[in-house]
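The values are calculated or read from the model by the stated rules, or taken from the named source; none is laboratory data. Every value quoted in this text rests on a predicted model; they were computed, and no experiment measured them. Neighbour counts run over all protein chains shown; Cβ positions are idealised from the backbone, glycine included. For the accessible areas, the whole protein counts, side chains as well, though only heavy atoms, and no ligand, DNA or RNA atoms are used. Shrake-Rupley method; radii C 1.70, N 1.55, O 1.52, S 1.80 Å.
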Amino acid sequence: MDGLVLTCDHDGRLRALHRVGAGLPGVTGKPGAPFPLLFGSDAMAGALDLFSGLRKSGRAIDHPVPSRLDAAGMLYASGLSDAEGLVLAVARVPGGLPAVMEALETLNPRLARRLAPLRSAAPEPAVPTADALFDEMTLLNNELANAQRALAKANAELAASNEQKNRLMGMLAHDLRTPLQVVVGFAEMLEQRLDGRLEATERACLERIRESSLSMRHMVEDALSLAALQAGRLRLARRPSDLAALVRRNVSMNRVLAEGKTITIELSVPEHPLPMADIDPAKLDQLLNNLLSNAIKYSDRGGRVGVALGEAPSEGVGWARLRVSDDGRGIPAAELAQLFQPFARTGRLGTEGEGTVGLGLYICRSIVEGHGGRITADSAPGRGSTFTVDLPLVASSP
C-alpha cells in the first residue's frame, strides 16, 4: 500500500513526512508548513475541514481530500490528535488505513503505535433494519410509478404528434395530386391538338412535362399510401374490374417514362379474357406504377422491360399472375431480404443517377397483401430483376 504518514503539532504545522511504499510523489512539504498546504491549493477546503474535525473530535477516518497533485485525484486521510500533536495516515483509496498501518509496523513501530487507536475507530457497516428496507422499497416503488406515468404521458404525446404528422402529410399529398393531374392532362391535350405542328424540340419539352408530372404523381400517391398505412387506415375500394384493361392502360401511361430513356415496354396479356377481378383499381394502378418506374429506373438506355399478365397455375383456379421484369443491373442477394421493408434503400442508384426514398416496394407489398395475394422478387447482379405478383380474382382476406 502506497501512502504517507504525517506528524504535526497541535496547530497543524508539519513536523515530519514518512513515506509508505512508493509514497504519494505529488504530495511534499517542508517542516513548519501548515499540513493543508501539502495537498495543493485546490484541496485547501477539504484539508481545512479535516484539521477542524481533528481539533473538535480528536480523530477522523477516511476523510476525502480532493487533490490534483496525485494521479488518483482523491486522497483519503485518517488521523487522530494525541498528547504529542496530530498524526495523519493518507492513502489513495478508502479503507487503506489498515494496510498503511501494517506496513508502518516494520518501518516505524513507534509511529504505528501512535496510530493504533484508529484500528477500533473505523465504523462498522450498518445492517439495514426491516423498517429501513421497507422505506427504501416504498421509495423505489414511488419512483417507478412516477417514471411509468411520465413514460405514458410521453407515449401519448408522441402518438398525438405522429397522428398530426400523418394528417399533414396526407393533406399535402392530396392537395398536390390534383394540380399534377391537371399538368398531365394539359400536356396531353396540347400534344394532341398540336399534332403535326410541333417541332422535335417542342414535342420533347411536352413529353418531359408529362414524364416529370407522372413521376411526381407516383411519389404523391406513395406519400398518401404511407400516411394511411402508418395510421392503420389503408382501405381497399374493391369492385369488379377488368385486370387486363387496367394493365394495358397503365403500361400506355408509363411508356412516357420509358421513352425518356428509349426503353421498350413489351406487354403480354392472354388472348382469352380473364374473369373480372374483385380489386381496388386505383391501388392496383399504383402497384404497377411503382413496379414499372423501378424497372425503368434501373434499366440502361435502350433496354427492355417486360409486363406479363396471365393465370397463376401454381395457385389454382381463380388466381392471376402479374410479372414485371427488366434486363437492368439486378439486386445483390444481401439486399433482397430487406427489399419490401419501409425506407429500405439499396446501395444502387438508377442508371442515370435516379435516387429513391425506399417506399415504393413497401407500399406494393401492403397493397398485394391487402388483396390477399403475395409479391416476390427474383434478381441477381448482371441479370436484371423480376417481380411476381399473385392475386386472387375474388375477394380474399390477407
Taking the range 10-19, which residues are under 14 Å from Leu80 (Cβ atoms) and either within 59 Å of the chain's Cα centre (by Cα) or open to solvent by less than 60 Å² (accessible area, probe 1.4 Å) (or both)? Gly12
Report yes if Ala295 is under 30 Å from Pro332 (Cβ atoms), surrounded by fewer than 22 Cβ atoms within 10 Å (Cβ to Cβ) and either at pLDDT 90 or above or more than 34 Å from the chain's Cα centre (by Cα) (or both), otherwise no. no
Applying the selection to the range 373-397, what residues are surrounded by 15 or more Cβ atoms within 10 Å (Cβ to Cβ), modelled with pLDDT of 85 or more and in a loop (DSSP other than H, G, I, E, B)? Gly373, Gly384
Would you please name the residue that is farthest from Thr7 (Cα to Cα), looking only at residues in the range 45-97 that are in contact with a Gly (Cβ under 6 Å, 6 or more places away or on another chain) and among the polar types (S, T, N, Q)? Ser67
Candidate set from the range 195-204 (those that are under 53 Å from the mean Cα position of the chain (by Cα) and part of a loop (DSSP other than H, G, I, E, B)); member that is modelled with the highest pLDDT: Glu199
Output the residue which, of all residues in the range 110-124 that are at pLDDT below 85 and open to solvent by less than 70 Å² (accessible area, probe 1.4 Å), is nearest to the chain's Cα centre (by Cα). Ala122
Pick out the one residue from Asp285, Asp278 that is assigned to a helix (DSSP H, G or I) and acidic (Asp, Glu). Asp285
I need the full set of residues from the range 265-292 which are in contact with a strand residue (DSSP E or B) (Cβ under 9 Å, 6 or more places away or on another chain), farther than 14 Å from Ala308 by Cα and surrounded by fewer than 16 Cβ atoms within 10 Å (Cβ to Cβ), in order please. Pro275, Met276
Starting from the range 285-301, take each residue that is over 13 Å from Leu359 (Cβ atoms) and free of Cβ contacts under 8 Å to residues at least 24 places away in the same chain and list its partners that are part of a helix (DSSP H, G or I) and open to solvent by less than 10 Å² (accessible area, probe 1.4 Å), counting only C-beta distances under 7 angstrom and pairs at least six apart or across chains. none
Candidates Asp49, Asp2, Asp42 - the one that is closer than 21 Å to Asn108 by Cα and in contact (Cβ under 8 Å) with a residue 12 or more places away in the chain: Asp2
Go through the residues of the range 348-362 one by one and say whether even a single one is more than 29 Å from the chain's Cα centre (by Cα), at pLDDT 90 or above and not in a strand (DSSP E or B). no
Under the condition of being under 16 Å from Ile367 (Cβ atoms) and at pLDDT below 85, which residue from the range 232-262 is most open to solvent (accessible area, probe 1.4 Å)? Arg235
Residue ID - farthest from Ser293 (Cα to Cα), chosen from residues in the range 245-270 that are touching a helix residue (DSSP H, G or I) at 6+ places or on another chain (Cβ under 6 Å) and part of a strand (DSSP E or B): Leu267
